[in-house]
Amino acid sequence: MRPMDKIAVIGSGQVGQVLADGFLKHGHEVVRGTREPSKLAEWKAGAGAKASVGTFAEAAKFGDVVVLAVKGTAAEEAVALCEGGLDGKLVLDATNPIANAPPVNGVIQFFTGPNESLMERLQSARPRRTS
């Protein structure tokens, strides 16, 4: 990525913050997308002039590159809330399909099957629009 690339980070959690801060450190403009933009006011105030906050749709529309950094169980809804802003863009997926169930015998449970990835599920739920 070039320093002039505009990056959208979809997600207001720790993973999204660390990734957004890293992109800012390397000179990129970053918009973090969240359901509640006011939730990230403190981050925005300390992140610098190239940082801003918006809704999922606003962030997705802004970014040349979009990073999906939400809880796996919320990923389908987050993609839908991007309202087509992902169409034709490079999407980096930082989600995990970890189920809300506790581990069984020390093994983390997933909500996807053995022959399915979460990103494949997201692509099927929201295919690229061509018009």
Residues satisfying the stated conditions in the stretch 97-131, i.e. at pLDDT 90 or above, polar (S, T, N, Q) and surrounded by 10 or more Cβ atoms within 10 Å (Cβ to Cβ): Gln109
Unique match (being touching a Leu at 6+ places or on another chain (Cβ under 7 Å) and modelled with pLDDT of 95 or more) among Val70, Val65: Val65
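Please specify each residue of the stretch 6-22 satisfying the condition of being of a type outside the set (A, V, I, L, M) and touching a residue at least 24 places away in the same chain (Cβ under 8 Å).
Scanning the stretch 6-22 gives Lys6, Gly11, Ser12, Gly13, Gly16, Gln17, Asp21.
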Single residue of Ala45, Ala41 found to be farther than 17 Å from Asp5 by Cα, part of a helix (DSSP H, G or I) and either of a type in the set (Ser, Thr, Tyr) or free of Cβ contacts under 8 Å to residues at least 12 places away in the same chain (or both): Ala45
Checking Val79 against (1) assigned to a strand (DSSP E or B); (2) under 12 Å from the mean Cα position of the chain (by Cα); (3) hydrophobic (A, V, I, L, M, F, W, C), the condition it does not meet: (1)
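Under 20 Å from Thr95 (Cβ atoms) and not in a strand (DSSP E or B): which single residue out of Val30, Val9, Val15 fits that description? Working first, answer last.
Working: Val30 fails: not in a strand (DSSP E or B); Val9 fails: not in a strand (DSSP E or B).
On inspection, the qualifying residue turns out to be Val15.
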The stretch 45-75: number of residues that are crowded, with 17+ Cβ neighbours inside 10 Å and under 15 Å from Gln123 (Cα atoms): 5
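The values are calculated or read from the model by the stated rules, or taken from the named source; none is laboratory data. From a predicted model like this one, the values you see are computed outputs, not experimental measurements. Heads up, the Cβs are rebuilt from the backbone with ideal geometry, glycines too, and the neighbour counts pull from every protein chain shown.
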